[in-house]
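Undergrad: Take a look at the following structure, please.
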Amino acid sequence: MFNKAIATILLFLLVMLPMHGQKSDALDDVLEHVPLATVLALRGCGVQSASPSWTELAASAAAAYTLSAATTWGLKHVLRERRPDGSDHRSLPSGHATMAFAGATVLMKEYGQRSPWIAVGGYGLATLVAADRVRRDRHYVHDVVAGAAIGFAATELIYFLKRKVIKNRNIDLSLSGLQLDVAVRW
């Protein structure tokens, strides 16, 4: 179990760290991932999540992050809205808000049944990240609202599909090292 925890955390770091370009927004770049990191830390410390296995947890979180990021990236490149500070044309939707709310929703889905305060903490931090993006003049309010909606909706969709597909045992997941195998039965 400990090896799977380390592999999951390393995979998370390898995937998320290169996403940030040359321009850094310092604390925002870290805080946007704290809700998901909290999920991994709790599971790594032995606190049972709603997902019965590390594999299912990792697959759910990775799918939520991937769908959220892909949706946001695609919209940024289609809509091309100029940032309030004029630095580029990738303002709408906010990627930081998307990732923060996707992570907060994973946190709520995995640990919200233990205490509602876990979800409050995750969404509270995600809201602070979004508000700080507006305060720093990196986004308009509608940018962060759109990002929050995408992160929340994409994660809800993944967990809905997980209930419909995985819980009916139409899909098998297997994690070995850094390799995730997926088998789907129709």
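The values are calculated or read from the model by the stated rules, or taken from the named source; none is laboratory data. As the structure is a computational prediction, the values presented were derived from the model and not from experiment. Cβ atoms come from the backbone with ideal geometry, glycine included; neighbour counts cover every protein chain shown. Areas reflect the complete protein model, heavy atoms only, side chains present, ligands, DNA and RNA absent. Shrake-Rupley method; radii C 1.70, N 1.55, O 1.52, S 1.80 Å.
Undergrad: So the check is Cβ under 9 Å with 6+ separation or different chains; which pairs have a first residue in the range 27-46 that's farther than 16 Å from Leu57 by Cα and a second one that's at pLDDT 90 or above and among the basic types (Lys, Arg)?
TA: Filtered contacts from the range 27-46: Asp28/Arg133; Asp28/Arg136; Asp28/Arg138.
Undergrad: Across the range 83-119, what is the total count of residues that are buried (at least 19 other Cβ atoms within 10 Å of the Cβ) and assigned to a helix (DSSP H, G or I)?
TA: So the count comes out to 19.
Undergrad: On to the next question. Take the residues of the range 154-170 that are surrounded by fewer than 16 Cβ atoms within 10 Å (Cβ to Cβ) and within 26 Å of Phe101 (Cβ to Cβ): which is modelled with the lowest pLDDT?
TA: Here the residue is Lys167.
Undergrad: Please go through (1) at pLDDT 95 or above; (2) open to solvent by less than 60 Å² (accessible area, probe 1.4 Å); (3) not in a helix (DSSP H, G or I) for Asp25 and return the number of the only condition it doesn't satisfy.
TA: Of everything listed in (1) at pLDDT 95 or above; (2) open to solvent by less than 60 Å² (accessible area, probe 1.4 Å); (3) not in a helix (DSSP H, G or I), Asp25 misses just condition (1).
Undergrad: If you check Glu56 against the conditions, is it surrounded by 15 or more Cβ atoms within 10 Å (Cβ to Cβ), modelled with pLDDT under 90 and of a type in the set (Asp, Glu)?
TA: When the stated conditions are applied, Glu56 passes them.
Undergrad: What are the residues in the range 28-45 that are farther than 17 Å from Lys109 by Cβ and either in contact with a strand residue (DSSP E or B) (Cβ under 9 Å, 6 or more places away or on another chain) or open to solvent by less than 10 Å² (accessible area, probe 1.4 Å) (or both), if any?
TA: Passing the criteria: Asp28, Glu32.
Undergrad: Here's something else I'd like to know. Looking only at the range 107-150, which residues are of a type in the set (Ser, Thr, Tyr) and closer than 23 Å to Ala41 by Cα?
TA: Step one: list which residues in the range 107-150 are of a type in the set (Ser, Thr, Tyr), which gives 111, 115, 123, 127, 140.
Across the range 107-150, the qualifying residues are Tyr111, Ser115, Tyr123, Thr127.
Undergrad: Output the qualifying pairs, or none if there are none: Cβ atoms under 6 angstrom, residues six or more apart or on different chains, first residue in the range 128-156 and over 12 Å from Ala104 (Cα atoms), second residue part of a helix (DSSP H, G or I) and basic (Lys, Arg).
TA: What qualifies is His139/Arg133; Val144/Arg133.
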